[in-house]
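Values quoted throughout were computed directly from the atomic coordinates according to the rules given, and no laboratory measurement underlies them. Since this is a predicted model, take the numbers as computed values, not measurements. Cβ placement follows ideal geometry from the backbone for every residue including glycine, while neighbour counts extend to all protein chains displayed.
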């Protein structure tokens with residue numbers, strides 16, 4: 001080994017295969033070796049701690065604790081690596097100041113999006129924008145947050161009408177997983193709003209609109225809609241009372257009614273009755289499906305139909321076709337030709 005790598009000269013410059021490496025001497029080589037060993041030890045320790053945190057995550061709540069433990073370990077590891085490398089390489093404060101200025105200028109110019117994404121990560125953690133397991137819409141992607149890194153947010157995508165500006169129609173148009181994992185840069189939070197369905201109030205208001213003919217039993221239809229909505233959302237409304245009270249203590253907002261309500265709207269063709277009710281952020285589609293089945297059954301029993309934009313031809317005036325003589329003669333001549 002000594003024949004290939006040598007330290008020569010009064011400045012102890014490192015020479016490899018007879019070629020002197022500019023700027024590399026014995027002091028720098030030692031610092032490089034110490035840096036590699038230090039980084040390897042810190043990264044290994046961080047990996048072991050993260051594995052232990054994930055091993056303890058069995059329930060949904062413990063998974064959130066493991067996620068935040070993972071984030072804390074990653075931040076501590078990054079800080080230790082930066083501080084350790086600075087301590088090894090910059091023993092002179094003047095050199096440290098100069099190097100820090102150059103590095104900062106270079107990052108600001110060449111890595112603008114990366115720096116913005118990391119700043120977004122800090123804002124997400126500090127501002128409690130969302131956490132793992134929350135259902136959000138970010139960067140035009142709707143889904144559940146499955147992971148959060150320094151630069152990206154990982155989302156399990158859910159169905160939606162369209163995806164971005166590409167015009168591709170989503171094959172799942174409901175709150176169901178599509179099976180795709182989407183990574184969105186954290187810098188998006190500075191440019192677009194982030195919709196959180198579960199952070200402070202884990203419930204949302206849903207609506208179902210049903211058109212009925214004007215000659216139908218309107219009051220009976222309204223009673224059916226309210227009874228079915230109460231049947232499936234009474235327990236949900238009672239649970240949402242505490243969450244709404246906590247939300248009112250934290251923010252300045254008006255009290256909203258959690259009980260199901262109906263609203264009427266007159267149109268040119270039918271009466272549109274909208275029933276508004278509270279549902280949890282999970283399992284909305286099964287609830288609406290069960291409600292739709294029961295509403296249709298009770299409508300059939302009550303003899304109430306669903307209005308539709310169809311046309312009935314109830315009569316037609318008699319039609320009489322009479323051919324003029326000139327036209328008949330021309331037709332005869334043309335037929336002979």
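Which of 242, 144 has the fewest other C-beta atoms within 10 Å, and how do the rest follow up to the most? Please list the in-between numbers first.
Values: 242 9, 144 19.
In order of increasing Cβ crowding within 10 Å: 242, 144.
The order of 266, 225, 210, going from fewest to most other C-beta atoms within 10 Å of their C-beta, is 266, 210, 225.
Return 203, 195 ranked ascending by Cβ neighbour count within 10 Å, so the fewest neighbours appear first.
Details: 203 20, 195 12.
By the 10 Å Cβ count, ascending, the order reads 195, 203.
Taking 0.36 nm per residue of separation and subtracting the Cα-Cα distance, full extension of the segment from residue 296 to residue 41 would add 85.2 nm.
Each label point was placed 7 Å from the Cα along the Cα-to-Cβ direction; for residue 30 and residue 85 their separation is 2.2 nm.
Can you compute the FRET efficiency between residue 146 and residue 266 using 1/(1 + (r/R0)^6), with r the Cβ-Cβ distance and R0 = 35 Å? Round to the nearest 0.05. Rounded to the nearest 0.05, the efficiency is 0.15. Please identify which residues in segment 264-302 have an amide N closer than 15 Å to a label point set 7 Å out from the Cα of residue 177, following the Cα→Cβ vector. Flagged as within label range: 282-283.
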